[in-house]
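Beneath this line is the structure, given in structure tokens, with notes to follow.
The values are calculated or read from the model by the stated rules, or taken from the named source; none is laboratory data. Everything numeric in this text was worked out from a predicted model, so none of it was measured. Here the Cβ positions follow ideal geometry from the backbone for every residue, glycine too, while neighbour counts run over all protein chains shown. SASA here: full protein model, heavy atoms, side chains in, ligands and nucleic acids out. Shrake-Rupley method; radii C 1.70, N 1.55, O 1.52, S 1.80 Å.
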Amino acid sequence: MEEERGPSGGVERALTVFLAGAECPYTCSFCDLWRWTLDGPTPPGALPAQLARALQALTPPAPDRLKLYNASNFFDRRAVPAEDLPRIAELAAPFAAVTVESHANTIGPLTLEFAALLSGKLEVAVGLETIHPVAMQHLNKRLDLPRFDRAAGFLAEHDIDLRVFVLLGAPYVPADESIEWTLRTVEYAAGLGAGRIAVIPVRGGNGELERLRALGHFVPPTLVQLETVLERCLAIRSAVVTADVWDIDGLPACENCRPQRVARIQSMNLSPNPQPPAPSPCSKCA
């Protein structure tokens, strides 16, 4: 359960449920979500059973938003059997909005089918990651800008909200250009109608990133970089830009500066208003 800022400026309560299902067919070099997926197709009935179990602990009133993250693509029939959509929509009925995640390539008729089943508003979270031309070609994501543009246009045409994931520290983006390319990617997503944009610092641990780091193609992002990106994104008014704070304690920073910087990031996540100035980077976290 978490709070997040909405496009209207208010703060809403959101419940995220992590569902175990089939592995994503895209082998993105930065991803480690495959560690929490099944080896084969998702069995019919498995996802509704997991969701029902997760919702049992809720007490009224329901949070504003339900986020269903399955470490894959919600509109991939192998990951989410189509016959399960009505039951999932029924379980999601108490929520005013529902967010699911999907690769741009799997957005289409099944997206519209699920949106029609929901009593609340559908939002689709799509990973754009970076618009850096070299990095896009090497991330194994099988996504180019025209395909992303079509997916964003499709969602807008059918009044479905768009949330976008953007990486900070994407492999193959030079470390000294990381902040600027992250900002460019955020601005690109906002220009295509994304109402919410989450900046996610790339985290190691999946094996491939360690290999790329040894080759000089990946430099882990720092806490100062994340703070800087988020602060500069406060000027964007057409979208809510937040920082993903999952495992934020793992980002490189000195322990003297860390508590103040983390608190500042959390404050900026919930408020678009200017925050107290950041502490000057010390020698350990500059």
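Pairwise Cα distances in the stretch 132-286 exceed 25 Å for 31 percent of all pairs. Paramagnetic label reach from E177 (point 7 Å along Cα→Cβ; backbone nitrogen cut-off under 17 Å): within the stretch 211-247, residues 216-221. Helix 223-233 and the longest principal axis of the C-alpha atoms of the chain enclose an angle of approximately 70°. Extending 7 Å from the Cα toward the beta-carbon at both T16 and S119 defines two label points whose distance is 2.6 nm. Taken along the Cα-to-beta-carbon direction at a fixed 7 Å, the label points for V134 and L234 span 3.3 nm.
Taken per residue, the accessible surface of the stretch 45-137 reaches 37 Å², heavy atoms only and a 1.4 Å probe. Sort the stretch 195-286 into rounded, prolate or oblate with this rule: let a ≥ b ≥ c be the square roots of the eigenvalues of the Cα gyration tensor; rounded if a/c is under 1.5, and if a/c is not under 1.5, prolate when a/b is larger than b/c, oblate otherwise. Cα axes put the stretch 195-286 in the oblate bin.
Reported value for the stretch 1-138: 124 Å³ per residue, from the convex hull of its C-alpha atoms. Taking the C-alpha atoms only, the angle from helix 145-157 to the longest principal axis of the chain is near 50 degrees. Solvent-accessible area of the chain (1.4 angstrom probe, protein heavy atoms only): carbon and sulfur portion equals 54 percent.
Comparing the chain with the 2.2 N^0.38 Å rule of thumb, its C-alpha radius of gyration ratio is 0.99 (two decimals). Judged by the mean number of other Cβ atoms found within 10 Å, the most tightly packed of the peptides 224-233, 169-178, 45-54 leads the ranking 224-233, 169-178, 45-54. Only helices enter this figure: runs of n ≥ 4 DSSP H residues, each worth -39500 (n - 2.57), summed and divided by the residues of the chain, yield -9000 deg cm²/dmol at 222 nm to the nearest 500. Residue separation of R150 and A93 scaled by 0.36 nm, minus their Cα-Cα distance, works out to 17.6 nm of gained length.
Shown for the stretch 67-114 is the translational diffusion coefficient from the Stokes-Einstein equation, using the Kirkwood radius over Cα pairs, a temperature of 25 °C and a viscosity of 0.890 mPa s: 221 µm²/s.
Antiparallel beta bridges, as assigned by DSSP with both residues in the chain, represent about 10 percent of the total such bridges.
Per residue, the accessible area of the stretch 206-266 comes to 50 Å² when a 1.4 Å probe rolls over the protein heavy atoms. Computed from label points 7 Å out along Cα-Cβ, the spacing between Q275 and A57 is 2.8 nm.
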